[in-house]
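Okay, so here's the structure we're looking at.
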Amino acid sequence: MDAKALKIEAARAALGYVESGMRLGIGTGSTAEEFVRLLAEKVAGGMQIIGVPTSERTAALCRELSVPLSTLDETPELDLTIDGADEIDPELTLVKGGGGALLREKIVAAASTRMVVIADQTKLVDTLGRFPLPIEVNPFGLKATEIAIAKAADKLGLSGPLVLRKSAGETFVTDGGHFIIDASFGRIPDTRALSDALHAIPGVVEHGLFLGLATVAVIAGSDGVRTVHP
Ligand code: 5RP
């Protein structure tokens, strides 16, 4: 099975967690988009849900497919969020933000009773850090924030290139109007320590480490779909 087929299988299995009447956080990325397509079929068949999208990109797809939407202001408590991930470790600590939506994704996941992560098996790792860690930063004082990130990482024995994300040659700007620095620190043995250190930097808006948010991961591989619990 190719990667797209595996994403569809994970998304299909995640539909099993969705019940009519639910308030759903809807993630961002290619796997989450497969989930939206399948969800739209259920909605067309009569399932009643209200979705809160984690990005403008997801909102646009939901509108195109007639998936009913709300905002987190109108619907501040959610039953379930379904979202993809860039990396997943055995405790279900995640790296997210490859699609640039980590801030809204984290706010929506934190407002949800449960978070189901959907992914193909390539996203499972023993230790996070193969995928560069996305760090969302305020454009003001970018250089100073970069220096602060490098110093904080160094104190934890981490180092590596900090790359300002670009898209089509321009600096990538998030839905919240921020920039993203992709930090290639390599293996991150202590995710809590790095999370705390990054949160202590004023210019850091949020980072892509998701700790204690995922309830279950639905992982599709060539031998079928399985679930991973923390
Ligand atoms: C977007 C994300 C995505 O969930 C993550 O990048 C995975 O995307 P994909 O399903 O396309 O591999 O965090 O900010």
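Here are a few things to note about the model shown:
- Between Val67, Val43, the distinction of being more than 9 Å from the ligand (Cβ to nearest atom) and farther than 26 Å from Gly176 by Cα belongs to Val43 only.
- Within the option set Glu77, Glu105, being open to solvent by less than 10 Å² (accessible area, probe 1.4 Å), modelled with pLDDT of 95 or more and not small (Gly, Ala, Ser) holds for one residue only, Glu105.
- Residue, farthest from the ligand (Cβ to nearest atom), within segment 93-114, restricted to residues that are closer than 26 Å to Gly186 by Cβ and in contact with a Leu (Cβ under 6 Å, 6 or more places away or on another chain): Thr93
- Residue in segment 89-97 that is over 30 Å from Pro132 (Cβ atoms) and among the charged types (D, E, K, R) present: no
- Criterion violated by Ile180 - all others in (1) loosely packed, with under 12 Cβ neighbours inside 10 Å; (2) under 20 Å from the mean Cα position of the chain (by Cα) satisfied: (1)
- Every listed requirement among (1) surrounded by fewer than 20 Cβ atoms within 10 Å (Cβ to Cβ); (2) part of a helix (DSSP H, G or I) is met by Thr145 save one, (1).
- Criterion applied to Ile88, Ile49 was being surrounded by 23 or more Cβ atoms within 10 Å (Cβ to Cβ) and closer than 19 Å to Ser112 by Cβ, and the one residue passing it is Ile88.
- Matching option when the condition is among the charged types (D, E, K, R) and over 30 Å from Gly186 (Cα atoms), among Glu146, Glu77: Glu77
- Residues that are assigned to a loop (DSSP other than H, G, I, E, B) and in contact with a strand residue (DSSP E or B) (Cβ under 8 Å, 6 or more places away or on another chain) within segment 178-192 comprise His178, Ser184, Phe185, Ile188, listed in sequence order.
- Restricting attention to segment 1-23, the residues that are in a helix (DSSP H, G or I) and either within 14 Å of the ligand (Cβ to nearest atom) or open to solvent by 60 Å² or more (accessible area, probe 1.4 Å) (or both) total 12.
- Scanning segment 158-174 for residues that are open to solvent by 70 Å² or more (accessible area, probe 1.4 Å) and within 24 Å of Ala197 (Cα to Cα) gives Ser159, Pro161, Val163, Val173.
The values are calculated or read from the model by the stated rules, or taken from the named source; none is laboratory data. As the structure is a prediction and not an experimental result, all values here were calculated from the model. Neighbour counts run over all protein chains shown; Cβ positions are idealised from the backbone, glycine included. Remember, those area values only see protein heavy atoms, side chains included, never the ligands or the DNA or RNA. Shrake-Rupley method; radii C 1.70, N 1.55, O 1.52, S 1.80 Å.
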